[in-house]
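Here you go, one structure.
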Amino acid sequence: MSKGMVFSIEEFSVFDGPGIRTTVFLKGCPLRCSWCHNPEGQSREREILRNTGECLHCGRCTKTALQLTGKPELIEECVSVCPKNLIRVCGTEYEAKDLCAKLKKNKVFYGTDGGVTFSGGEPLVQAQFLSECLTLLKGDIHTAVQTSGYADQAVFREILAKADLFLFDLKVMDEQNAKRYTGVGSAVILKNFDTLATSGKRFLVRIPLIPEAVATAKNFEDIIRILSFYGIDYAEALPYNKLAGAKYALCGRSYTPDFNPDTPVTPPVELFAKHGITLKIL
C-alpha cells in the first residue's frame, strides 16, 4: 500500500463536481501557472507555512530552529513555540487505505450525486497513490479527478480507467504561450485531452478566466475550435481570484504574476453560445 502527501481535505464542497463532495488536495504539480492559487500544493514535500502579517517578532521560532539545527530556517518544532499559532505544517502523509476509510465516513452526506474529488496540485503526480485510492473507493463512492492533463500518457490512461469523472482544465492552447504562463507546453495536455474526449468517459471542461493569459480572443477561439471538434457543447469557466497572491506570503514567496491582475475580463458566454457551447460561470 503506497503513501500519499495531502495538503488539504475540504468537506461539503459544491464546486468540485456534482453534488456534495469531499475534495482531497494532493501535493505536487509539474506546472507553475502564473496565477496559481494553491502555491502550497506545488511541492510534493511537506512545508512550513507562517502568517507573517500577524507576527509578534518575538524570535521564538528562530531561536528554536537555531538551537536544533544551527540554522534560522523554520522547522516543524517551531509550530508549538509560536504564541499566536501562526506557523503550521503543510502536508499530511496518508496510506491509501487510511485516507479512504476517512473519506467513507462522509458517505451519508454524498447522497446519490456527490462523492470524492481528487485535486491538487496535480493529482496525477501521485499516480500510484491516486490509483490505489480510486480502486478502494470504486463501486462505493463516486470519484472525480480534477487535472491539468499534464502527465505521462500511460499514467493518464491508468487513472482514466478508474475514475468516474474527470474535471479537465483547458488553459493556454498555444505551445509557446503555455510555456510562458504555465511553465509547460500544451502538446502533452492536448494529447491526453484527445484520449479523454474519445474514451467515452464522462468529463467536464473547465476554463480559468485569467486576464491576458487565458482570457484572450485568440485563446478563446482555440478552445472553441477544440470543443467543437469533439462535439462538446458545455464547459465551465472559473473567474480569476484576485486574492490568490495572499497564500504566497505564507510560503515565504512573492507573488509576481506574468500578467496584469487588474485587466478586466468579460466572460465569453455569448461567443461560446454562437458556436453552440453553453459556458457556465462558476
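The values are calculated or read from the model by the stated rules, or taken from the named source; none is laboratory data. Here the structure is a predicted model, which is why all the values come from computation and not from measurement. Cβ atoms come from the backbone with ideal geometry, glycine included; neighbour counts cover every protein chain shown.
Could you check how many residues of the stretch 104-124 are surrounded by 23 or more Cβ atoms within 10 Å (Cβ to Cβ) and assigned to a helix (DSSP H, G or I)?
2
Counting only residues that are acidic (Asp, Glu) and not assigned by TED's automatic domain parsing to the domain that holds residue 53, give me the helices (runs of 4 or more DSSP H) lying completely in the stretch 199-279 with at least 1 of them.
Working: elements: 217-229, 246-250, 269-274.
Per the criteria, 217-229, 269-274.
Just to be sure, is residue 30 surrounded by fewer than 20 Cβ atoms within 10 Å (Cβ to Cβ), in the same structural domain as residue 240 (by TED's automatic domain parsing) and on the phi < 0 side of the Ramachandran plot? Explain how you work it out, then say what you get.
Values: surrounded by fewer than 20 Cβ atoms within 10 Å (Cβ to Cβ): yes; in the same structural domain as residue 240 (by TED's automatic domain parsing): yes; on the phi < 0 side of the Ramachandran plot: yes.
When the stated conditions are applied, residue 30 passes them.
Let me ask something else. Pairs please, first residue from the stretch 160-171 and assigned by TED's automatic domain parsing to the domain that holds residue 140, second anywhere and of a type in the set (Lys, Arg) and in a strand (DSSP E or B), Cβ atoms under 9 Å, 6+ apart in sequence or on different chains.
164/202; 165/202; 166/202; 167/206; 168/206; 169/206; 170/206
Another question about this same structure. For the stretch 222-245, does any single residue satisfy the condition of being free of Cβ contacts under 8 Å to residues at least 60 places away in the same chain and among the basic types (Lys, Arg)?
yes
Would you mind telling me which numbered condition in (1) without any contact (Cβ under 8 Å) to a residue 24 or more places away in the chain; (2) in a loop (DSSP other than H, G, I, E, B) residue 19 fails?
(1)
Right, something else. Taking residue 43 as meeting all but one of (1) crowded, with 20+ Cβ neighbours inside 10 Å; (2) touching a Cys at 6+ places or on another chain (Cβ under 9 Å); (3) assigned to a loop (DSSP other than H, G, I, E, B), write down the number of the exception.
(1)
Within the stretch 211-228, which residues are loosely packed, with under 14 Cβ neighbours inside 10 Å and among the aliphatic types (A, V, I, L, M)?
Listed by number, the list holds a single entry, 217.
Only one of these is of a type in the set (Lys, Arg) and over 18 Å from residue 165 (Cβ atoms): 280, 191. Name it. Break it down into steps so the answer makes sense when it comes.
On the way: 280 fails: over 18 Å from residue 165 (Cβ atoms).
Exactly one of 280, 191 is of a type in the set (Lys, Arg) and over 18 Å from residue 165 (Cβ atoms), namely 191.
Of a type in the set (Lys, Arg), assigned to a helix (DSSP H, G or I), more than 20 Å from residue 94 (Cβ to Cβ) and touching an Asp or Glu at 6+ places or on another chain (Cβ under 9 Å): does that describe residue 180?
On the way: of a type in the set (Lys, Arg): yes; assigned to a helix (DSSP H, G or I): yes; more than 20 Å from residue 94 (Cβ to Cβ): yes; touching an Asp or Glu at 6+ places or on another chain (Cβ under 9 Å): yes.
For residue 180, the condition - of a type in the set (Lys, Arg), assigned to a helix (DSSP H, G or I), more than 20 Å from residue 94 (Cβ to Cβ) and touching an Asp or Glu at 6+ places or on another chain (Cβ under 9 Å) - is met.
Let me ask something else about it. Considering only the stretch 169-182, how many residues are surrounded by 16 or more Cβ atoms within 10 Å (Cβ to Cβ) and within 20 Å of residue 42 (Cβ to Cβ)?
Quick first cut of the stretch 169-182, residues surrounded by 16 or more Cβ atoms within 10 Å (Cβ to Cβ) only: 169-173, 177-178, 181-182.
Among the residues that remain, those that are also within 20 Å of residue 42 (Cβ to Cβ) are: 169, 171-172, 178, 181-182.
Result for the stretch 169-182: 6.
Is one or more of the residues making up the stretch 189-200 at pLDDT 95 or above and within 17 Å of residue 42 (Cβ to Cβ)?
no
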